[in-house]
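Report on the following structure.
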Amino acid sequence: MSNVGKIAYLQAMDIPVWINKTTQEKDIPPEKATSITDLDWETLADRVRHCQQCGLSQSRKQTVFGTGNLQAELMIIGEAPGAEEDRQGLPFVGRAGQLLTNMLNAIGLDREQVYIANILKCRPPGNRDPQPAEVIACNDYLNRQIALVQPRLILSLGGISAKNLLQTDQPVGRLRGRVHQHLATRTDLMVTYHPAYLLRRPEEKSKTWKDLQQIISHLANRSI
Ligand code: SF4
């Protein structure tokens with residue numbers, strides 16, 4: 001039996017199967033073999049929905065693809081879904097999500113005006129940090145989302161997001177306050193604290209407020 005046949009059999013029997021990338025590239029049917037860089041929104045979302053490229057596919061309730069304005073000027077990228085996001089299939093819901101909404105409202109933006117996604121599309125168990133292999137497995141999806149949105153600016157939320165988007169080990173405190181470039185897409189990128197961190201350390205909210213002002217100013221300057 002081919003790997004595709006075996007996988008179909010195991011899935012039909014409700015037996016969990018983790019398809020590694022090598023197997024998937026070799027055996028997926030031609031109609032699904034299209035490179036991620038060629039996918040449109042619909043096929044990209046469908047590819048993510050069925051993705052089994054890393055072990056998180058075994059523990060997720062559902063994937064969390066991303067949401068918002070597909071032509072947004074500002075794209076917000078966090079770390080990974082938490083328990084509530086895993087339940088609802090949407091990014092940044094729950095307390096941290098509400099704080100993000102409030103932060104956007106404070107600078108005159110609605111959630112519907114921006115596009116929101118995460119580095120990982122599936123929840124790491126117990127909200128542990130994403131593992132490097134998981135980030136690598138998921139990275140092409142995010143890069144394709146950025147390429148499709150073509151935002152003027154990416155706002156990276158928190159250390160894990162910044163580390164992976166900028167390939168750096170510098171902490172948020174040293175990265176915030178200036179414009180970087182996302183390595184893969186050459187998109188302007190700024191960094192601030194993750195709302196979940198701000199819930200634990202409310203005294204840092206004033207720094208985030210300054211960051212948000214800079215973001216608005218950067219977007220305004222680029223619009224001229
Ligand atoms: S985290 Fe990303 S690579 Fe891993 S199973 Fe989910 S969608 Fe696929």
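Look at THR63 and say whether it is at pLDDT 95 or above, touching a helix residue (DSSP H, G or I) at 6+ places or on another chain (Cβ under 6 Å), assigned to a loop (DSSP other than H, G, I, E, B) and closer than 22 Å to PRO195 by Cβ.
Numbers: at pLDDT 95 or above: yes; touching a helix residue (DSSP H, G or I) at 6+ places or on another chain (Cβ under 6 Å): yes; assigned to a loop (DSSP other than H, G, I, E, B): yes; closer than 22 Å to PRO195 by Cβ: yes.
Against the criterion (at pLDDT 95 or above, touching a helix residue (DSSP H, G or I) at 6+ places or on another chain (Cβ under 6 Å), assigned to a loop (DSSP other than H, G, I, E, B) and closer than 22 Å to PRO195 by Cβ), THR63 qualifies.
Taking the criterion of being within 22 Å of GLN150 (Cβ to Cβ) and hydrophobic (A, V, I, L, M, F, W, C), the residues of the range 65-99 that qualify are PHE65, LEU70, ALA72, LEU74, MET75, ILE76, ILE77, PHE92. If the condition is being within 25 Å of ASP140 (Cα to Cα) and either in contact with a Gly (Cβ under 7 Å, 6 or more places away or on another chain) or assigned to a strand (DSSP E or B) (or both), then the range 160-201 contributes SER161, PRO171, VAL172, HIS180, GLN181, ASP188, LEU189, MET190, VAL191, THR192, TYR193, HIS194. Going through (1) β-branched (Val, Ile, Thr); (2) in contact (Cβ under 8 Å) with a residue 40 or more places away in the chain; (3) closer than 22 Å to ILE215 by Cβ one by one, THR101 falls short only on (2). Take the conditions (1) β-branched (Val, Ile, Thr); (2) in a strand (DSSP E or B); (3) within 16 Å of the ligand (Cβ to nearest atom); ILE154 misses just one of them, which is (3). Go through the residues of the range 96-107 one by one and say whether even a single one is under 25 Å from ILE216 (Cβ atoms), buried (at least 22 other Cβ atoms within 10 Å of the Cβ) and within 16 Å of the ligand (Cβ to nearest atom). No, there is no match, as no residue in the range 96-107 is under 25 Å from ILE216 (Cβ atoms), buried (at least 22 other Cβ atoms within 10 Å of the Cβ) and within 16 Å of the ligand (Cβ to nearest atom).
The values are calculated or read from the model by the stated rules, or taken from the named source; none is laboratory data. Since this is a predicted model, take the numbers as computed values, not measurements. So basically every Cβ, Gly included, is an ideal-geometry build from the backbone, and we count neighbours across all protein chains shown.
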